[in-house]
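First up is the structure itself, then whatever we jot down about it.
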Amino acid sequence: MKKLYYILLAFSLIIFGANDLLSKERLKSKGEIPILAWYGVPADQTTVKRYRELRESGITWNLTVFPDAEAMAKALKIARKTGIKMIVACPELKTNTETTVKRFMRDPNVGAWMLRDEPCRTDFPELSEWAKKIRDVDDFNFCYLNLFPNYANEQQLGNKTYQEHVDQFVADVPVQVISFDHYPVIGDTLRAGWYDNLEIISEAARKAGKPFWAFALAVAHGPYPIATIPQLRLQVYSDLAYGAQGIQYFTYWTPVDTTWKFNHGPITADGKRTEVYDRIKLVNGEIKSLSPVFLGAKVISVAHTGKNLPTGTKPLTSLPQSIKSLETEGTGAIVSHLQNGSKSYLVVVNRDFKRPMKLKISCDPKVRRVMKDGTLVPASTYIETLEVEAGDVFILELSL
């Protein structure tokens with residue numbers, strides 16, 4: 001009898017446990033935020049095994065500069081078997097544009113066409129003509145071009161100010177997506193101009209009616225440290241809070257370079273995983289679960305809390321109607337109000353990647369907290385004062 005009792009008890013726990021899981025409401029998926037590997041799987045490592053490893057890390061897009069169109073074609077065959085989108089990057093895209101675009105444009109795993117990285121203003125006319133030539137043949141897959149960060153100098157930019165550089169680029173070069181890089185973590189500090197860079201790019205994208213993609217640094221080099229989970233979270237959640245529609249990692253595969261001495265990318269130069277592989281995998285899993293919040297979202301407002309606001313940002317002076325009060329301690333936070341279809345979200349990001357932040361928030365009874373796995377829980381389930389982990393995010397689905 002005892003044996004039967006324990007069997008029935010175990011069975012009941014399994015059933016009720018399953019019912020509890022099924023009863024949890026979850027965000028409805030409508031796709032995933034694209035996650036791109038810059039310096040992805042090298043051409044000489046184009047195998048199903050390597051591309052599956054890439055996909056298992058949570059990365060969904062690959063950017064590798066291939067030696068020729070044949071190597072590009074081989075990689076696309078592998079991409080089709082592993083669910084990876086590719087940015088086409090090979091010499092023929094420049095030297096024989098129309099033929100190359102026609103060759104690859106109908107491949108379902110082609111996502112974009114690579115023009116170049118970090119152009120100077122003097123490059124804009126040529127890039128404009130190249131983009132137009134591609135778009136005359138294929139206006140479905142976008143032209144990809146990545147801009148300098150705002151710590152580039154006047155000589156690199158070819159413009160007197162960064163704002164002028166971005167404005168001129170948007171006006172002159174007809175790409176469909178705006179991308180920029182900025183690596184804010186140096187040693188144990190943040191660059192002072194990082195959020196100003198996000199302000200400029202997000203505003204330029206909004207005015208142009210185009211999405212923007214942003215970066216997180218995944219490879220140590222020079223003054224940049226080995227990426228930790230709080231550092232990665234701070235970068236991706238800050239990007240997403242400002243409305244980014246794609247996250248990019250520089251780099252996936254570790255480059256070999258005697259100047260910068262790259263090290264501890266997710267995959268080493270000789271093909272071994274580092275601890276950073278598991279760290280980006282964890283963060284990418286969170287991004288996937290939270291994609292219903294961020295994918296397609298429009299920024300209603302972005303503001304900051306804290307005694308010392310980052311350069312170029314605005315202080316938090318108002319809150320959505322369903323939020324009664326919000327206070328933070330420590331360094332401060334980004335407070336972003338997003339609209340996504342019929343849903344509205346409040347996104348709070350701890351700007352400190354070294355210490356947790358106290359967040360005191362009071363809201364209407366109908367407000368729900370969005371958990372990292374995408375499940376929804378009444379906000380009233382929790383106490384009003386909580387800790388947000390270093391660099392982490394706190395999200396509420398607001399009552400309408």
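Report whether or not S342 is farther than 14 Å from A241 by Cβ, of a type in the set (S, T, Y), outside the structural domain of D196 (by TED's automatic domain parsing) and out of contact with any Lys or Arg (no Cβ under 9 Å at 6 or more places or on another chain). Show your work before the answer.
On the way: farther than 14 Å from A241 by Cβ: yes; of a type in the set (S, T, Y): yes; outside the structural domain of D196 (by TED's automatic domain parsing): yes; out of contact with any Lys or Arg (no Cβ under 9 Å at 6 or more places or on another chain): yes.
So S342 passes the test.
Across segment 283-317, the number of residues qualifying as surrounded by fewer than 22 Cβ atoms within 10 Å (Cβ to Cβ), under 17 Å from the mean Cα position of the chain (by Cα) and of a type in the set (S, T, N, Q) comes to 2.
Residues D373, D392: which one is more than 20 Å from S238 (Cβ to Cβ) and either within 21 Å of the chain's Cα centre (by Cα) or touching a residue at least 60 places away in the same chain (Cβ under 8 Å) (or both)? Explain how you work it out, then say what you get.
On the way: D392 fails: more than 20 Å from S238 (Cβ to Cβ).
Matching residue, one of D373, D392: D373.
Quick one: in segment 218-251, of everything that is in a helix (DSSP H, G or I) and not hydrophobic (A, V, I, L, M, F, W, C), which residue is surrounded by the fewest Cβ atoms within 10 Å (Cβ to Cβ)?
So the first thing to find is which residues in segment 218-251 are in a helix (DSSP H, G or I), and the list is 229-241.
Now drop any that are not not hydrophobic (A, V, I, L, M, F, W, C), which leaves 230-231, 233, 235, 237-239.
Values: P230: 20, Q231: 25, R233: 24, Q235: 27, Y237: 29, S238: 26, D239: 26.
Per the stated criteria, the residue is P230.
Working carefully through the options K360, K354, find the one that is in contact with a helix residue (DSSP H, G or I) (Cβ under 9 Å, 6 or more places away or on another chain) and among the charged types (D, E, K, R). Before the answer, list the steps.
Details: K360 fails: in contact with a helix residue (DSSP H, G or I) (Cβ under 9 Å, 6 or more places away or on another chain).
None of the others qualify; the one that does is K354.
Annotation: E286 fulfils all but one of (1) assigned by TED's automatic domain parsing to the domain that holds V388; (2) within 30 Å of T60 (Cβ to Cβ); (3) in contact (Cβ under 8 Å) with a residue 40 or more places away in the chain; the unmet one is (1).
Taking the stated definitions as given, is T189 in the same structural domain as I87 (by TED's automatic domain parsing), free of Cβ contacts under 8 Å to residues at least 24 places away in the same chain and among the β-branched types (V, I, T)? Can you show your working first?
Numbers: in the same structural domain as I87 (by TED's automatic domain parsing): yes; free of Cβ contacts under 8 Å to residues at least 24 places away in the same chain: yes; among the β-branched types (V, I, T): yes.
Judged against the criteria, T189 is a match.
Under 20 Å from the mean Cα position of the chain (by Cα), of a type in the set (D, E, K, R) and on the phi < 0 side of the Ramachandran plot: is that true of D364 in this structure? Criteria not met by D364.
Of all residues in segment 156-178, those satisfying the criterion of being outside any loop (DSSP other than H, G, I, E, B) and over 14 Å from G209 (Cα atoms) are Q156, L157, Y162, Q163, E164, H165, V166, Q168, F169, D172. Filtering segment 82-102 to residues that are loosely packed, with under 14 Cβ neighbours inside 10 Å and under 16 Å from R55 (Cβ atoms) leaves only G83. Residues that are surrounded by fewer than 17 Cβ atoms within 10 Å (Cβ to Cβ), in contact (Cβ under 8 Å) with a residue 12 or more places away in the chain and assigned to a loop (DSSP other than H, G, I, E, B) within segment 108-150 comprise P108, E118, C120, F140, listed in sequence order. Can you give me the number of residues within segment 272-282 that are crowded, with 19+ Cβ neighbours inside 10 Å and among the aliphatic types (A, V, I, L, M)? Summing the residues that are crowded, with 19+ Cβ neighbours inside 10 Å and among the aliphatic types (A, V, I, L, M) in segment 272-282 gives 2.
In this structure, does P211 turn out to be over 19 Å from W253 (Cα atoms) and either surrounded by 20 or more Cβ atoms within 10 Å (Cβ to Cβ) or among the aromatic types (F, W, Y) (or both)? Talk me through it step by step, then tell me what you get.
Details: over 19 Å from W253 (Cα atoms): yes; either surrounded by 20 or more Cβ atoms within 10 Å (Cβ to Cβ) or among the aromatic types (F, W, Y) (or both): no.
Spelling it out, it is not the case that P211 is over 19 Å from W253 (Cα atoms) and either surrounded by 20 or more Cβ atoms within 10 Å (Cβ to Cβ) or among the aromatic types (F, W, Y) (or both).
Report whether or not T268 is over 20 Å from V393 (Cα atoms), at pLDDT below 95 and either surrounded by fewer than 21 Cβ atoms within 10 Å (Cβ to Cβ) or touching a Lys or Arg at 6+ places or on another chain (Cβ under 6 Å) (or both). No: the conditions fail for T268.
Results for (1) modelled with pLDDT under 95; (2) over 25 Å from A227 (Cβ atoms); (3) out of contact with any Gly (no Cβ under 8 Å at 6 or more places or on another chain); (4) not aromatic (F, W, Y), shown as yes or no for each residue.
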{"site": "Y277", "(1), (2), (3), (4)": "no, no, yes, no"}
{"site": "K281", "(1), (2), (3), (4)": "no, no, no, yes"}
{"site": "N284", "(1), (2), (3), (4)": "no, no, no, yes"}
{"site": "I287", "(1), (2), (3), (4)": "no, no, no, yes"}
{"site": "L295", "(1), (2), (3), (4)": "no, no, no, yes"}
{"site": "S301", "(1), (2), (3), (4)": "no, yes, yes, yes"}
{"site": "K314", "(1), (2), (3), (4)": "no, yes, yes, yes"}
{"site": "S322", "(1), (2), (3), (4)": "no, yes, yes, yes"}
{"site": "E327", "(1), (2), (3), (4)": "no, yes, yes, yes"}
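The values are calculated or read from the model by the stated rules, or taken from the named source; none is laboratory data. All figures in this text were calculated on a predicted structure; none of them were measured in a lab. Here Cβ is always computed from backbone atoms with ideal geometry, including for glycine, and neighbour counts include all displayed protein chains.
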